[in-house]
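The values are calculated or read from the model by the stated rules, or taken from the named source; none is laboratory data. Note that the coordinates shown come from a computational prediction; the quantities given were computed from them, not determined experimentally. Ideal geometry is used to build each Cβ from the backbone, glycine not excepted, and the neighbour counts take in all protein chains shown. Heavy atoms of the whole protein, side chains included, go into the accessibility calculation; ligands, DNA and RNA do not. Shrake-Rupley method; radii C 1.70, N 1.55, O 1.52, S 1.80 Å.
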Amino acid sequence: MSHILVLTEHHGGEFAEVSFELLTEARRIGRSQKSDVTAMVLGAGVTGMAAELTGHGIHQVLVADDVRLTHYDPNLWLGTVSAVCKQLEPDLILLPATTTGEDLAARLAVTKKWPLFSRSTKITFKGDQIQAARPVYAGKLQETISSISGTTCLATILPGVIGVRPVDTGGDAPVVAIEVVAEADGRVAVTGFVAADPDNLDLAEADVIVAAGRGLGQVENVSLVKELAALLGGAVGSTRVVVDLGWLGKETQVGQTGATVKPRLYIACGISGATQHTIGMKESSAVIAINTDPSAPIFNLADLSLNCDVAQLLPVLIDQCRKRVEHAP
Amino acid sequence: MTDLDVFVCIKPALLVEGAVRIAGSGASPDPSCSRFLVDPGNACALEAALVLRECGQVARVVCVSAGPQAYDATLAWCRAAGADQVLRVDVPADLNLDACATAALLADTIRGLGGKLVLTAQRSIDESNGLIAAALAAALDGAYLSNAVEVQILEGELRISRRVERGHRQLWSAGLPAVVAVEHSATKPRYVSVASLALARLSTMEVLTTGEMKFDQLPRLTELNRLAPGRVRARQSGMPGAGGSAAERMQAMMGISSAQADGKVVFSGEVDELTERALTFLEERGLLRPLPD
């Protein structure tokens with residue numbers, strides 16, 4: 001195998017963690033198969049960001065920096081990645097299993113007639129043949145699939161499965177600018193982008209959830225939770241007690257009789273951590289718990305446990321968050 | 001009045017229950033531990049199609065499936081939900097076609113019936129690889145629109161609102177023919193009564209043969225090497241020791257021992273100090289940018 005191409009993903013000027021997971025997997029395969037790893041960054045104003053990848057033990061970073069790439073456009077993404085593939089002839093392309101990564105992977109697969117290993121958890125080799133393992137039937141079974149022909153293979157990797165491992169090779173990969181190429185036969189027109197409304201953000205789609213519990217003390221303090229959620233670009237969650245008190249709507253309820261969520265960050269404000277609630281949020285990637293009771297069960301799940309009155313902490317935290325948000329470029 | 005029909009591709013989901021065993025073919029779970037059910041993603045795609053018909057944007061809803069006779073129960077559910085016509089392309093159960101081959105079969109049928117608008121599920125719950133819609137669009141020489149949460153046809157143009165990460169939406173449009181992959185969370189499928197389901201089951205199912213298309217000539221890109229039970233993760237629990245109160249022993253059995261007992265640090269102190277810890281935590285995870293020096 002000679003080349004592995006990694007398509008990175010970024011949001012708000014930061015690489016998504018799955019990008020580093022893809023690089024981790026690509027480096028592992030690169031070492032075992034003696035292959036070069038190329039990372040690809042597409043977006044507007046991303047040249048500076050791309051430098052962050054140069055020390056990740058890869059061969060080169062290709063950057064398509066163009067205002068037309070501000071949001072995902074299948075015609076531009078497909079055209080640009082296809083042009084790079086024509087030049088590099090990669091044996092394996094790794095993409096994140098996100099809406100962008102999966103859409104692009106499917107388009108590449110059908111236009112190039114390349115096999116796609118969707119939502120893979122591991123890439124392995126049987127001789128020169130690339131194989132991928134992926135969970136099926138709700139994770140009760142695992143299938144191993146391989147390409148019938150010896151062409152380029154595409155694999156999407158679910159965020160949070162592989163994990164990020166520290167770079168042991170270092171290096172100083174060059175950043176190479178590439179041209180944006182529009183697909184000649186683009187059939188889809190991108191007509192608009194609607195930013196998420198924090199007030200109506202679906203809990204299941206939120207990256208950050210700030211959840212209110214009875215420990216907030218009074219209904220007036222719910223506005224603090226809403227304010228923090230808005231600053232962090234997240235959604236407002238709640239416990240059943242808060243919904244029963246009428247402080248927040250049923251659509252915000254997390255837990256056994258509410259939504260089951262898996263955000264990147266869950267901030268539990270004045271929530272004790274009853275099983276009925278934690279069953280709906282225990283899969284969160286990171287949890288900050290704020291509670292006055294040092295033995296509250298929520299602290300078992302928390303990555304950061306803060307023992308204090310949430311009504312006193314939130315105004316200070318909001319003030320500091322606002323300063324950082326206002327200073328962000 | 002439109003004469004456009006919307007085709008909905010239907011695939012029942014296979015639910016694996018109890019102790020997992022693999023069928024003799026090695027390609028699927030053993031029937032003794034698995035059963036078909038209506039896939040929620042497919043049900044959402046059908047619901048989106050029914051809404052289009054109710055809004056007068058399409059004339060009829062036609063459900064198409066490629067599979068064995070066991071798929072008929074799901075197609076009967078589709079008819080009971082309101083589909084005008086249901087069709088099954090007969091495919092032997094042990095054939096294990098990949099997405100490209102299945103798409104080729106479906107495209108052949110849909111093209112033959114003059115279909116220009118097709119809805120599919122973005123992904124079925126039994127973890128299909130999500131490639132059918134794109135492969136179908138390519139086979140029909142049409143546009144592929146993914147992750148749709150809203151679908152409309154206005155003045156002959158297809159318009160969708162598309163889910164992207166972090167709750168944002170993208171608006172896409174395309175001409176026909178087109179294939180739209182509908183998100184699982186897009187709509188809430190309507191209730192199907194037992195009576196209407198019983199009635200639908202009594203009606204004769206329309207079964208098509210593959211005609212001149214031979215299974216061994218279908219395009220395939222991948223093959224299944226091995227299907228095995230998933231990795232079982234050891235549950236982190238144990239019998240509690242003799243020490244501690246009854247409440248603590250009960251909590252330990254339920255896996256909710258106290259944070260301090262687990263050696264976790266619970267920070268307490270001044271509000272400013274705790275705020276600083278929270279800010280550092282958010283910055284380390286890339287959720288906040290540090291203040292410039």
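Name the residue that is farthest from A:Q276 (Cα to Cα), counting only residues in the stretch A:233-242 that are at pLDDT 90 or above and not charged (D, E, K, R). I'd like the intermediate steps shown before the answer.
First pass over the stretch A:233-242, keeping only residues at pLDDT 90 or above: A:236-242.
Still in the list and also not charged (D, E, K, R): A:236-239, A:241-242.
Details: A:V236: 18, A:G237: 14, A:S238: 12, A:T239: 9, A:V241: 11, A:V242: 13 Å.
By that ranking, first place goes to A:V236.
Hey, could you check the stretch A:309-318 for residues that are open to solvent by 10 Å² or more (accessible area, probe 1.4 Å) and under 11 Å from B:D272 (Cβ atoms) and say which is nearest to the chain's Cα centre (by Cα)?
Kept after step one, since they are open to solvent by 10 Å² or more (accessible area, probe 1.4 Å), are these residues of the stretch A:309-318: A:309, A:311-312, A:315-316.
Pick out the ones that are also under 11 Å from B:D272 (Cβ atoms) and you get A:312, A:316.
Details: A:Q312: 32, A:V316: 28 Å.
Within the stretch A:309-318, the match that is nearest to the chain's Cα centre (by Cα) is A:V316.
Out of A:D207, A:D197, I need the residue that is among the charged types (D, E, K, R) and surrounded by fewer than 17 Cβ atoms within 10 Å (Cβ to Cβ). Which one? If you could, list the steps in order and put the result at the bottom.
Numbers: A:D207 fails: surrounded by fewer than 17 Cβ atoms within 10 Å (Cβ to Cβ).
A:D197 is the lone residue from the list that is among the charged types (D, E, K, R) and surrounded by fewer than 17 Cβ atoms within 10 Å (Cβ to Cβ).
Counting only residues that are surrounded by 24 or more Cβ atoms within 10 Å (Cβ to Cβ) and closer than 14 Å to A:P166 by Cβ, how many does the stretch A:11-24 have?
1
Return yes or no: is A:G213 over 13 Å from B:E165 (Cα atoms) and surrounded by fewer than 22 Cβ atoms within 10 Å (Cβ to Cβ)?
Working: over 13 Å from B:E165 (Cα atoms): yes; surrounded by fewer than 22 Cβ atoms within 10 Å (Cβ to Cβ): no.
So A:G213 does not fit the description; no.
Is there a residue in the stretch A:104-111 that is open to solvent by less than 10 Å² (accessible area, probe 1.4 Å), part of a loop (DSSP other than H, G, I, E, B) and over 10 Å from A:A155 (Cβ atoms)? Can you show your working first?
Taking the stretch A:104-111 as the starting set, the residues that turn out to be open to solvent by less than 10 Å² (accessible area, probe 1.4 Å) are A:104-106, A:108-109.
Now narrow it down to the ones that are part of a loop (DSSP other than H, G, I, E, B): none.
Checked against the condition, which is being open to solvent by less than 10 Å² (accessible area, probe 1.4 Å), part of a loop (DSSP other than H, G, I, E, B) and over 10 Å from A:A155 (Cβ atoms), the stretch A:104-111 yields no hits at all.
Identify all residues within the stretch B:124-139 that are under 24 Å from B:R53 (Cα atoms) and crowded, with 24+ Cβ neighbours inside 10 Å; write none if there are none. Reasoning before the result, please.
From the stretch B:124-139, those under 24 Å from B:R53 (Cα atoms) are B:124, B:132-134, B:136-137; that's our starting set.
Passing the criteria: B:I132, B:A133, B:A134, B:L136, B:A137.
Can you tell me which of A:G192, A:G139 is within 27 Å of B:N96 (Cα to Cα), among the small types (G, A, S) and within 7 Å of another protein chain (Cβ to nearest Cβ)? Spell out how you get there, then give the answer.
Details: A:G192 fails: within 27 Å of B:N96 (Cα to Cα).
Just a single option satisfies the conditions, and that option is A:G139.
If we keep just the residues of the stretch A:47-66 that are open to solvent by 40 Å² or more (accessible area, probe 1.4 Å) and of a type in the set (G, A, S), which is modelled with the highest pLDDT? Walk me through how you get there before you give the answer.
Initial filter on the stretch A:47-66 (open to solvent by 40 Å² or more (accessible area, probe 1.4 Å)): A:47-48, A:51-52, A:59, A:65.
From the residues that got through so far, the ones that are of a type in the set (G, A, S) too are A:48, A:51.
Numbers: A:G48: 87, A:A51: 84.
Step by step, filter the stretch A:47-66, then rank; the result is A:G48.
Would the stretch A:67-88 turn up any residue that is in a loop (DSSP other than H, G, I, E, B), modelled with pLDDT of 90 or more and small (G, A, S)? Working first, answer last.
Taking the stretch A:67-88 and keeping what is in a loop (DSSP other than H, G, I, E, B), we get A:70-73.
In the following step, the residues that additionally are modelled with pLDDT of 90 or more were identified as A:70-73.
Filter once more, so that each one left must be small (G, A, S): none.
No, the stretch A:67-88 contains no residue that is in a loop (DSSP other than H, G, I, E, B), modelled with pLDDT of 90 or more and small (G, A, S).
For the stretch A:150-175, how many residues are modelled with pLDDT under 85, polar (S, T, N, Q) and open to solvent by less than 50 Å² (accessible area, probe 1.4 Å)? Can you show your working first?
So in the stretch A:150-175, the residues modelled with pLDDT under 85 come out as A:150-151, A:158-173.
Now narrow it down to the ones that are polar (S, T, N, Q): A:151, A:169.
The next check asks that each one be open to solvent by less than 50 Å² (accessible area, probe 1.4 Å); those that pass are none.
Residues in the stretch A:150-175 being modelled with pLDDT under 85, polar (S, T, N, Q) and open to solvent by less than 50 Å² (accessible area, probe 1.4 Å): 0 in total.
If we only count helices (runs of 4 or more DSSP H) wholly inside the stretch B:99-206, which ones have 1 or more residues that are within 14 Å of another protein chain (Cβ to nearest Cβ) and of a type in the set (S, T, N, Q)?
Details: elements: B:99-112, B:132-139, B:194-202.
In the stretch B:99-206, the matching helices (runs of 4 or more DSSP H) lie at B:99-112.
Quick one: A:T98 ticks every box in (1) β-branched (V, I, T); (2) open to solvent by less than 10 Å² (accessible area, probe 1.4 Å); (3) within 12 Å of chain B (Cβ to nearest Cβ) except a single one, so which number is it?
If we test A:T98 against (1) β-branched (V, I, T); (2) open to solvent by less than 10 Å² (accessible area, probe 1.4 Å); (3) within 12 Å of chain B (Cβ to nearest Cβ), just (2) comes out false.
From B:L75, B:L50, B:L37, grab the single residue that is within 14 Å of chain A (Cβ to nearest Cβ) and within 19 Å of the chain's Cα centre (by Cα). If you could, list the steps in order and put the result at the bottom.
Details: B:L75 fails: within 14 Å of chain A (Cβ to nearest Cβ); B:L50 fails: within 14 Å of chain A (Cβ to nearest Cβ).
B:L37 is the lone residue from the list that is within 14 Å of chain A (Cβ to nearest Cβ) and within 19 Å of the chain's Cα centre (by Cα).
Which ones in the stretch A:252-292 are open to solvent by 70 Å² or more (accessible area, probe 1.4 Å) and touching a strand residue (DSSP E or B) at 6+ places or on another chain (Cβ under 8 Å)? Show your work before the answer.
Going through the stretch A:252-292, the residues open to solvent by 70 Å² or more (accessible area, probe 1.4 Å) turn out to be A:256-257, A:260, A:262, A:264, A:276, A:279, A:282-283, A:285, A:292.
Listed by number, the residues that qualify are A:T260, A:R264, A:S285, A:T292.
Within the stretch B:32-70, track down each residue that is assigned to a strand (DSSP E or B) and farther than 16 Å from B:Q85 by Cβ. Before the answer, list the steps.
At the first step, the residues of the stretch B:32-70 found to be assigned to a strand (DSSP E or B) are B:34-37, B:60-67.
Selection gives B:S34, B:R35, B:F36, B:L37, B:G67.
Considering only residues that are of a type outside the set (A, V, I, L, M) and within 11 Å of A:T156 (Cα to Cα), look in the stretch A:112-137 and name the one that is most open to solvent (accessible area, probe 1.4 Å). Give the derivation first.
Quick first cut of the stretch A:112-137, residues of a type outside the set (A, V, I, L, M) only: A:112-115, A:117-122, A:124-129, A:131, A:134-135, A:137.
Checking the rest, the ones that are also within 11 Å of A:T156 (Cα to Cα) come to A:117-122, A:134.
Numbers: A:F117: 0, A:S118: 4, A:R119: 56, A:S120: 0, A:T121: 39, A:K122: 102, A:R134: 9 Å².
Applying the filter and picking the extreme gives A:K122.
Okay, residues lined up against (1) of a type in the set (D, E, K, R); (2) surrounded by fewer than 23 Cβ atoms within 10 Å (Cβ to Cβ):
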| position | (1), (2) |
| --- | --- |
| B:T2 | no, yes |
| B:F7 | no, no |
| B:A19 | no, yes |
| B:P29 | no, no |
| B:L37 | no, yes |
| B:A49 | no, no |
| B:R53 | yes, yes |
| B:A59 | no, yes |
| B:P68 | no, yes |
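Check whether at least one residue in the stretch A:294-301 is at pLDDT below 90 and closer than 19 Å to A:L203 by Cβ, and report yes or no.
So far as the stretch A:294-301 goes, yes, one or more of its residues are at pLDDT below 90 and closer than 19 Å to A:L203 by Cβ.
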